[in-house]
Structures are given as structure tokens and as C-alpha cells.
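Following: one structure in C-alpha cells, then a few remarks.
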Amino acid sequence: METKETVQVNNESVFNVTDLSVSYGDFVAIKNVNMDITKNKITAFIGPSGCGKSTLIRTFNRMNDLILGAKVNGTITYQGVDLYDKMVDPVQVRRRIGMVFQKPNPFPKTIKENITFGLKVNNMTDNIDDRVEKALTQAALWDEVKDDLDKNALELSGGQQQRLCIARTIAVEPDTILMDEPCSALDPVATKKIEDLMQELVKEFSILIVTHNMQQASRSSDYCAFFTTKTSDDGKRRTGELVEFNETSVMFTTPDKELTEQYISGRFG
Amino acid sequence: MLLESTEKNMSNETLITGKKAENAIKESLFLFTLYICVTIAILTLMTLIYDVLSTGTTRLTSDYEVGLITKIQIDNPVDFLTTLDSRYPDRAGIGPAFAGTVWLMIIVVSVTFPFGTGAAIYLQEFAPKNRLTRFIELNLTNLAGVPSVIYGLLGLAVFVRLAGFGRSVLSGGLTLTLLILPVVIVASREALKAVPDTIRQGALALGATKFQAVFRQVVPSAIPGMVTGMVLGLSRAIGETAPLIFMGALTYVNYFPDTPLSGFTAIPIQVYNWIGYPQAEWKETASAGIILLLGLLLIMNSLAIFIRNRYEKDL
């Protein structure tokens, strides 16, 4: 906690992305991304399908390492450390930068075990019951599950499962939470709960969220990045590019680029 | 019809075509063919079971008298399981063969489980996706289809002669292990493959190492499938005769194997042996042996189904 505060004083941005491009074999998924992500704010990535925003968010915790042939060029620093430096351990990166996925993916075990797994692999086994309760409380799930901690997590509803995934992510005390379309599989009520939760969590964590939902981006994010795809001259390749990156309030009222305006007003995409 | 017409025909004639009746006949014909296929399979099994039960049960019940020899010693199934073979059909028990089969099962399980699941976990979760791995995968699939006699030859050459285990139950068990290992590896890999990738990603995203993700999340989720594959492999192993005869299992054994290096026989070999005798009474004894073997297989397959259902419910 203390280190977090000192860093916050020294440095406003948590990630600095410079000339980043990601390719799978010959296919360039996204290129020339330059952006600084502000600490303890919600940054939303929006754009049409295939514009590389999910690919991009996965470079922030090196989940792209797991995809065969994925290659990252350019630099992405996290609190000043180059994430793709040879000396950086991706396992430690993922421990500091948590991730919530598109489809709720609880482990097929009890609710409690879903939380304790992350604690155990990170040697955070002291006061384990308190940690479980704290994480579930922070994820606004405690009151619903406190009597069934030994129930199988797959018996929960989709929205509850997603909040459980958020709970297990924050249980290991990361600095940043990456969310890859966390509400796309949920109904509006469950979506609302997650959005409210994000507003609570952002006091303590930096949040990056990929979303297809324009309203969600305008409602919940502080900053917004709009990506689009550019088709190559021969029309065969589509590569994602960052079009505009600004404060959400600015982008949704007076966007700089014509393309952004068209997209957020629903005229394309 | 729609393709030919230049403009969309939305009138009711396109709805009322009489095609439904036509389709219904086609479908019921197809279903009928499928029923016949299933019936043939079930009838074969039923005939086999009826045949062995009608001849074999006399041998497994009390007050058994046949021919000139009056039944003296053996009068119930437990005796049949524990008695030694004999040259009189009514006194012949399946004891040594049953014990031999149990020995084989113990050896096969204790060698196949660690090696089979270990190989499967490595190939599915850790092996680099290169030519060597693909070559090994191709070989495994091919090995699963090699005739079992070939494994008997291999067992004779490697375990009996080269390793010097002799014609022992250990050699037999290891030979059967080789036989089912490819099947078990393939089944275990399928079980691992069925674990959704989101589980792996979820574990890794929490800061787990690859090793922790595999052994604490993926493998536990795949265990029911792996055990099912193991049990099915094992039930194939206990029914095998050819490789054991080839590697030199004995046919007449009047003692119980007491060490892994004892000579042995197994239930299918014993049955094969009995059925070869000309006297009619041996048919009954052999049938009793078949009933025992079928019973064992039934129990093991039920166990596999039980494990699968039990854990599927948990998921």
C-alpha cells in the first residue's frame, strides 16, 4: 500500500505505450499505438470487431505470450519498467496486473477455492479466510455467497460468476485490472452491477476495459481510446490502429476525428 | 425452387408443398436402418450371454451332477474362483487364472497410470509444437492400432528374454501395459483437451506458473476422463489372450502365482484351453469362466461410467 501511494505521487501514468505493434506470424493485428494510461482511472478501449483492442489489452499483462507466434514490437512500460524486457518474469507481471475475461471462467471448484487458488500460488496464505471475505466483499458478492462458500462456483449465475472472477483477481492485490469485455455475456442488470463495482474498485486500482458497448464506455470510463481497422492497399490485410485517445467526456461530445464521431454516433461499425 | 424464381415468392404455395410427408418417409427409413444396426449389436451380445449363462450356470450352482462323475468338491461360485485347475471338468476351478488376472491388473495399473498420464500431460500441455512432437503423436495413434500379437512378440523379446524376467506374470503385465499404453495416452490427452482454455488462462492471469496452472487446475479437471480411459484400457487388457500366449503364459497352472516372477495363466487363456478339450463337460466349465470374465468387464465398464457421471455432476 505504501509503495503504491509513493508511486502515485511520483508518476501519474501507470502504463506508457510507445510505437507498439502486435503481430501473429505475418499478420499484423495492431500497429503504431502510442498512449499513456493514467493511474487509478478507468480507461476504455472501443472500436469495431477485429481492430485489435483485445490483442492490445493482452499485451499489458503478457497474456499474448501464450499465443503461438504472437510477437510484440515497440515498448510498453509499467511504472517505468519495460514489460517485455528479457529480465522481466511474465508470472510476476500477471500477479501485479490482473485480468478478467470476456466469458466468466471460474474454476470448476468451490467458491472459496476459486479465491484461495490465487492466494496459494502467490504465497498469500496468512489470514486466508479474512482475505477471501475481503475480496468477495470488494467484489460485492459476499452477502450473496457468504453461506455457500463451499458451493460449486459453476452453480452461480453468470453475473455472480463474473463478480467471483473479479474477486479472485483482486484477492491477490494487483495494481491494475484488465477487463476484456467483462459484460458481453451478461444481462443488463448484471452489467449494471459490474459497472457500479468498477466505480468502487477504481479508487484502489487502475482499470483498463475493452468494450463493445458505447454506452458502457461513456457511462463508466474516464479516458477512452478509439481503435479502427485499416485495410491494406491490396485489400487483403486488416490492421488495427489507434484513431483517438482522449478524456471520455471530450471524446463523446467533441471528438477530434471525423471517424470517431461517426462511430460513437452509430453511423459506422 | 426459390433460387430459380426471379422474384421472391412469398405466397402460401411455397409453404404447402407436401414435402413434409416425403421427408417423414425418408427420415423414418433412415431411423429404421439405424435401429437395425443397433439391434444387431445388442442381439450378438444377448446371444453370447444367453449361451454362456445357459451352459455355464450349472457349474456355478450347487447340487451339480453330470455324466458318470458325481460332483463332490465344487458346489458354489466361491469354490470355482478359489480351486485349482483339474483334469476332471467338474473339479476344475479357475483359481490360478483368476489370481493371474488380478496380478496382471495390478501390474498394468501401477505401470500404465503414471506413464500414461505423464506422457499425456507432457504431450498436451508442455511439449513444443514441432515436428518431433507431431511424429510422436502420429506414432501413438498408429501404435493404438497395432495387432495385439505383435505386442506378444515384443514382450517375448524384451521382457522375457532381454530383461530376463522369464515367462512370468511381470513380463505378461508389462506386455499388456505396452498394449494399452497408447490407448490410455490418447484417452488422457482427449480428457486434457476437453478442459477449456479459459481455465488455463484464468489460472495464469492470477500469477500462477504454467506448472501450477496445469497441475492444480487442468489435471484435476481432467482426472475423471483420465481414469475412465484407464479403466477402459484395463478392461481391454484383461480380455487379451494372444499376446500372453505369444510371450509364453502357461496353459495348465496348478498353483497360485505368489511373486511377480511366478509363472502364470489368465482367465481368457484358461477358457481357451478348456474349450479345446473334446468332452462336453468342459464346455460348461469354460462357460463358467466366460461368465466370470464378462462379469469383470461389466463391473469395470460400470465403474468407468460411474466415475464419469459422478464427476460430470460436480462440474
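The values are calculated or read from the model by the stated rules, or taken from the named source; none is laboratory data. For clarity, every value in this text was computed on a predicted model and none was experimentally measured. Neighbour counts run over all protein chains shown; Cβ positions are idealised from the backbone, glycine included.
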message: Would you confirm, using the coordinates I've provided, whether A:A70 is under 20 Å from the mean Cα position of the chain (by Cα) and of a type in the set (A, V, I, L, M, F, W, C)?
response: yes
- prompt: Does the range A:96-111 hold any residues that are surrounded by fewer than 22 Cβ atoms within 10 Å (Cβ to Cβ) and more than 12 Å from B:I199 (Cα to Cα), and which are they?
  reply: A:R96, A:Q102, A:T110
Residue check, A:E247 in contact with a Pro (Cβ under 6 Å, 6 or more places away or on another chain) and under 29 Å from A:K31 (Cβ atoms): no
query: Under the condition of being assigned to a helix (DSSP H, G or I) and of a type in the set (A, V, I, L, M), which residue from the range B:198-216 is surrounded by the most Cβ atoms within 10 Å (Cβ to Cβ)?
result: B:A205
- prompt: Among the helices (runs of 4 or more DSSP H) confined wholly to the range A:159-269, which include 2 or more residues that are farther than 24 Å from A:E144 by Cα?
  reply: A:214-220, A:248-251, A:258-264
field: the range A:31-61, residues that are in contact with a Lys or Arg (Cβ under 8 Å, 6 or more places away or on another chain) and buried (at least 22 other Cβ atoms within 10 Å of the Cβ)
entry: A:F45, A:I46, A:G47, A:N61
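For every residue, the table says whether it meets (1) crowded, with 21+ Cβ neighbours inside 10 Å; (2) modelled with pLDDT of 90 or more; (3) out of contact with any strand residue (DSSP E or B) (no Cβ under 9 Å at 6 or more places or on another chain).
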| residue | (1), (2), (3) |
| --- | --- |
| A:E113 | no, yes, yes |
| A:K134 | no, yes, yes |
| A:E155 | no, yes, yes |
| A:Q161 | yes, yes, yes |
| A:I166 | yes, yes, no |
| A:T169 | yes, yes, no |
| A:D175 | no, yes, no |
message: Give all pairs with beta carbons closer than 6 Å in which a residue from the range B:224-238 that is within 16 Å of B:T101 (Cα to Cα) and at pLDDT below 90 meets a residue that is among the hydroxyl-bearing types (S, T, Y) and buried (at least 20 other Cβ atoms within 10 Å of the Cβ); count only pairs at least 6 apart in sequence or on separate chains.
response: B:I238/B:T101
message: Going through B:V195, B:V219 one at a time, which residue ends up being within 14 Å of chain A (Cβ to nearest Cβ), in a helix (DSSP H, G or I), modelled with pLDDT of 90 or more and more than 30 Å from B:Q270 (Cβ to Cβ)?
response: B:V219
task: Go through the residues of the range B:171-182 one by one and say whether even a single one is of a type outside the set (D, E) and over 30 Å from B:F306 (Cβ atoms).
output: yes
message: Exactly one condition in (1) away from chain A (no Cβ under 14 Å); (2) assigned to a helix (DSSP H, G or I); (3) without any contact (Cβ under 8 Å) to a residue 40 or more places away in the chain is false for B:G164; which is it?
response: (2)
- request: Kindly provide the set of residues from the range A:54-94 that are of a type in the set (A, V, I, L, M, F, W, C) and on the phi > 0 side of the Ramachandran plot, ordered by number.
  value: none
message: Of the residues A:K31, A:K103, A:K86, only one is away from chain B (no Cβ under 14 Å) and either in a strand (DSSP E or B) or closer than 29 Å to A:S220 by Cα (or both); which?
response: A:K31
Residue among A:Q102, A:Q92 that alone is among the polar types (S, T, N, Q) and within 13 Å of A:P174 (Cβ to Cβ): A:Q92
Subset of the range B:287-315 [under 16 Å from B:T101 (Cα atoms), buried (at least 18 other Cβ atoms within 10 Å of the Cβ) and either among the β-branched types (V, I, T) or free of Cβ contacts under 8 Å to residues at least 24 places away in the same chain (or both)]: B:I290, B:I291
- request: Name the single residue, out of those in the range A:2-28 being part of a loop (DSSP other than H, G, I, E, B) and under 22 Å from A:D222 (Cβ atoms), that is modelled with the highest pLDDT.
  value: A:E12
